[in-house]
Structures are given as C-alpha cells and as structure tokens.
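The values are calculated or read from the model by the stated rules, or taken from the named source; none is laboratory data. As the structure is a computational prediction, the values presented were derived from the model and not from experiment. Backbone-built Cβ (ideal geometry, glycine too); neighbour counts: all protein chains shown. To get the accessible areas, we keep the full protein, side chains included, count just its heavy atoms, and leave off ligands, DNA and RNA. Shrake-Rupley method; radii C 1.70, N 1.55, O 1.52, S 1.80 Å.
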Amino acid sequence: MSDAASSEAAASMSPPVIHLSDLLGQPVIARSGDTVGEVEDVVVRLGGADVYPPVTGLVAGIGGNRVYVSREQIAEWAHGQVQLSRNKVDLRAFERRPDEVLLRADLLDHRLIDVPAVELVHAYDVELEDNGTNWVLARLDTRRPARLFGLIKPGGGHASRDWKSFEPLIGHQQSSLERRAKGRFGKLKPAEIADLLEDADKREGGEILDRIHSDPELEADVFEELDPDKANKLLDNMTDDDVAGVLARMRADDAADAIFELRQSRRRRVLDLLPAGQRTKVITLMGFNPATAGGLMSVDVASCSANATVAQAISTLAEARTLQPEALLNIHVLNEADELVGVVSVIGLLQSASDTPVLEVADLEPVRVTPAADVTDIALLMADYNLVSIPVVDAHDHVLGVVTFDDLLEATVPEDWRRREPAPHPIRETSADSMDLDSQGGPHRG
C-alpha cells in the first residue's frame with residue numbers, strides 16, 4: 001500500500017473531530033428546516049484530572065436571547081450547520097452550572113496553565129472528538145493563527161495538545177471549588193507556581209492564589225520562592241491575618257525578609273499575630289543586616305550533645321521533622337555550656353558504627369562565621385572548604401544559626417539570572433489512539 005493510501009486509511013479510522021472555530025457562528029436548524037439561531041458557544045462538563053470533559057450542549061443565540069440547547073436535542077452538527085432533532089427550543093436564558101466550562105468564553109478568552117511546560121498560554125482553537133458515546137473536549141491548539149490570508153504563518157505554541165496538559169484559569173467564581181478539586185495544580189512545584197504568579201495578571205494571579213490558599217504549607221513555600229517585589233505586592237492586598245498565616249509557615253529568615261518589605265504601619269500588627277515561637281525568631285533575624293550572615297542564616301539548627309553516640313545523633317536528625325532538609329545535612333556538637341565543639345555530616349554518621357562517640361567522627365575545628373560576616377566572605381569559605389552549610393556563632397561560640405548553600409545561592413545569583421527565560425520544556429505528545437476518552441455525559445437540563 002502506498003504512503004498516501006496508508007494515510008487515507010489511518011484518517012478513515014481516526015475518530016471524528018470538530019474544531020470549535022468551525023462550529024462557532026454555524027446556523028442552528030430546527031427539524032422543520034427553519035433556521036432558528038446560531039451557535040455562540042459550546043458547553044462541557046468538568047471531570048477529574050484524567051477525564052476528557054464531555055460536551056453537554058450548546059449556547060445558541062435565538063431571538064436575541066442566549067439559550068441552552070442540550071446535546072440530546074442535536075441530531076447532527078456538521079456540514080456547516082447544527083441540525084436539531086425537534087422544532088421547539090426552550091427559550092429560557094442560559095445559566096451556567098458550577099461544573100461547566102464554556103469553550104469560547106472560558107478557554108479562548110483566557111490564558112491556561114500549560115502544566116508540562118509550566119507557563120501561561122493562549123488557546124486559539126479547541127478540538128472536540130467523538131469517543132463513540134459522546135463528543136468530548138480532547139485537545140487545544142496553542143499556535144497563533146495565520147494572518148493576512150495566511151501570508152504570516154502561525155507563530156509559537158503547539159498544535160493539537162492533549163487537554164490533560166492544561167489547567168484552565170477561567171475567572172468563574174462559582175466553578176472555582178470544582179476546578180480546584182479536580183485540577184492538575186498539585187503536580188506543580190512551589191518554584192513553578194511562583195514563576196506562574198510572576199507572569200500572571202491580577203485576575204489570573206488571584207485565581208492561582210485562591211488555588212494554593214487551601215494548602216497553607218504550599219502557599220508558604222510559594223511565597224518563599226517569589227521575587228520579593230511580587231511577594232510584597234501580593235501581601236499588600238491580603239489582610240493582616242492572612243499575611244500572618246502565610247509568614248507563620250515560612251522559614252523564619254524568609255518571613256523576616258517579608259516583614260521588612262511590608263509598610264512600616266503594618267509590621268507591628270503582623271508581628272503581633274505571629275505564633276510566639278516564630279515571632280521570636282523573626283524579631284531576632286530582623287536585628288541583623290540582611291546582607292550579612294546574621295541576615296541570611298536560618299535559626300533552626302540540628303544539634304546534639306558532645307556525649308552522644310552516632311546512633312543518638314542520627315536519631316536526633318530523624319526526629320527533627322520541622323527543620324528544612326538542607327539544615328539537616330550537618331549536625332552541630334555542643335558541650336555542656338552550649339558552645340560549638342564540632343560539626344559532623346550526615347554521611348559521616350551513616351558511615352560510622354552506631355556506638356561510636358560522635359566526637360570521634362566530628363570535625364573538631366569547624367569553620368564558623370560571626371553574624372557580621374558578609375556574603376563574599378561566606379561564599380569564599382564555603383568554596384574553599386567545600387561546605388554545604390556554615391554555622392553562625394556569637395562571641396562565646398554559641399550557635400545562633402546556620403547559613404546553607406541555598407541561602408548563599410539566593411543571595412549571590414543575580415536577579416536577572418534567576419528570572420531569565422528557561423530552556424524549552426520537552427512536550428510529551430499524547431497519541432489520539434491511546435486516549436482514554438471519558439464517556440460520561442447525558443442530560444442535565446430539561
């Protein structure tokens with residue numbers, strides 16, 4: 001069989017497809033053959049993250065009204081028209097239900113989150129596919145359409161991407177809970193959500209914040225990753241209680257930075273709303289210059305007694321569930337006067353017998369800095385001694401905190417490097433043949 005014949009055979013076996021752009025504006029024809037209106041939009045019902053939304057009907061312009069035409073009333077929609085199975089149409093005004101999406105109004109008029117690529121994109125067309133039981137929303141086309149009679153070719157985006165790659169931001173309050181419960185937002189990392197927020201407009205950002213607000217830990221992680229100016233703008237629009245709720249779950253050093261960025265009239269109010277332990281840490285950190293070790297350090301430090309064994313030190317690390325993982329790469333050995341006498345790495349502990357005294361495997365002359373040490377000094381010490389963290393001590397060798405490698409990177413990497421355009425993400429295409437198209441559908445309006 002020739003290549004052309006093979007292509008034709010494959011096309012004949014493919015499920016029927018309708019493009020939204022071809023459907024909009026089509027005449028709506030009653031069973032009698034009379035034209036009663038035209039197609040203004042297509043309605044689909046949301047399902048879970050792994051479900052292709054089934055088409056439930058059309059929004060048609062009839063006699064100056066926007067009315068709902070259910071899928072069951074449609075005998076055929078092809079060949080440049082929508083043919084109804086009856087002559088009568090309910091002329092009551094269309095009212096959207098919470099789990100419904102309007103393809104033209106909600107998708108083509110708003111940006112969506114491209115989840116694999118982690119970016120906000122426009123959809124310029126929608127592909128509906130017949131799965132044998134119902135028509136479903138199967139794919140989106142994010143290519144900008146050609147202009148000037150095709151002389152200017154489409155630019156950017158991808159053609160016919162699987163619907164499951166996207167998360168809609170439609171600005172419809174009544175459906176927000178439904179979309180939050182059934183969406184793909186949970187696949188994104190805090191830093192990726194922060195990037196989306198920095199690219200979002202006010203409405204889009206509000207919807208993204210609404211999504212993460214239901215997960216306080218994620219919300220705090222996202223604010224830690226945000227550009228300080230963007231974080232400050234977002235916090236500025238939140239109540240004092242909400243700001244305190246976010247800062248209470250952030251790392252104390254990041255919370256202190258955020259407090260500094262607040263208007264002076266709000267700082268005391270927000271501080272007073274913080275839990276006592278977090279408030280003490282934040283106030284301590286606010287006493288140091290942000291560009292010094294004191295301003296960069298985390299005050300949450302893993303430590304053990306100088307009399308501990310390796311097994312006891314490992315147990316201390318295992319129980320420190322509230323500390324950031326990067327703060328657990330080393331454990332600090334303290335004497336009875338709480339003075340720093342040594343530092344031992346997790347690797348050093350794991351490679352030693354459990355009953356070995358911790359002082360036998362610790363570095364008894366650990367590199368340390370004072371709170372006044374500047375970023376350059378810290379960077380040079382960590383590079384020269386191959387350190388992933390460095391303790392910050394006072395004049396009596398009491399450990400005040402620890403500067404970790406991620407703190408140092410955040411302070412030294414230029415801002416335009418951190419927010420430069422990333423390398424393109426590889427897009428995993430989904431074959432139409434392997435699509436598990438959802439067959440849910442059925443009437444939902446009389």
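Per residue and in Å³, how big is the convex hull formed by the alpha-carbon atoms of region 222-320?
It is 122 Å³ per residue.
Over region 209-289, what percent of the accessible surface lies on carbon and sulfur atoms, probe 1.4 Å?
Exposed carbon and sulfur together represent 46 percent of the surface.
If you place +1 on the Cβ of every Lys and Arg and -1 on the Cβ of every Asp and Glu, how big does the dipole about the Cα centre of region 298-425 come out, in debye to the nearest 20?
Dipole of region 298-425, to the nearest 20 debye: 380 debye.
To the nearest 10 square angstrom, how much accessible area does HIS110 have with a 1.4 angstrom probe?
Looks like 40 Å² after rounding.
If you take every residue apart from THR292 with its C-beta less than 11 Å away from the C-beta of THR292, what net charge results, scoring Lys and Arg +1 and Asp and Glu -1? Walk me through the numbers before you get to the answer.
Details: positive: none; negative: ASP374, ASP377.
So the environment of THR292 carries a net charge of -2.
In debye to the nearest 20, how big a dipole does region 180-265 give about its Cα centre with +1 on each Lys and Arg Cβ and -1 on each Asp and Glu Cβ? Don't jump to the answer; show the numbers that get you there.
Numbers: 13 positive and 24 negative charges, 88 e Å.
Computed about the Cα centre, the dipole is about 420 debye.
Could you size up the charge dipole of region 220-287 around its Cα centre, putting +1 on the beta carbon of Lys and Arg and -1 on that of Asp and Glu, and report it in debye to the nearest 20?
That gives a dipole near 360 debye.
Kindly sort ARG269, ARG161 by accessible area of their heavy atoms, largest first, with the probe set to 1.4 Å.
Details: ARG269 110, ARG161 0 Å².
Largest accessible area first, the residues go ARG269, ARG161.
Find which of LEU328, GLN264, GLN312 sits farthest along the positive direction of the dipole of region 205-340, computed with +1 on the beta-carbon of Lys and Arg, -1 on that of Asp and Glu, about the Cα centre.
Comparing the listed Cα positions along the dipole, GLN264 ranks first.
May I ask you to list the GluC sites (Glu not before Pro) in region 253-352 that are in a DSSP loop and have at most 11 other Cβ atoms within 10 Å of their Cβ?
Sites meeting the loop and neighbour criteria: GLU336.
What percentage of all Cα-Cα pairs in region 247-300 are separated by more than 16 Å? Working shown, then result.
Working: 443 of 1431 pairs.
Here the tail beyond 16 Å accounts for 31 percent of pairs.
Among LEU107, ILE62, VAL42, flag the residue with its Cα farthest along the positive direction of the charge dipole of region 7-127, charges on Cβ as +1 for Lys/Arg and -1 for Asp/Glu.
Checked the options; the winner is ILE62.
For region 336-381 and region 203-255, compute the distance between their C-alpha centroids and round to whole Å.
34
Shape of region 200-241 from its Cα gyration tensor (a ≥ b ≥ c, root eigenvalues): rounded if a/c is under 1.5, otherwise prolate when a/b > b/c, or oblate?
Taking the square roots of the gyration eigenvalues as a ≥ b ≥ c, region 200-241 is rounded.
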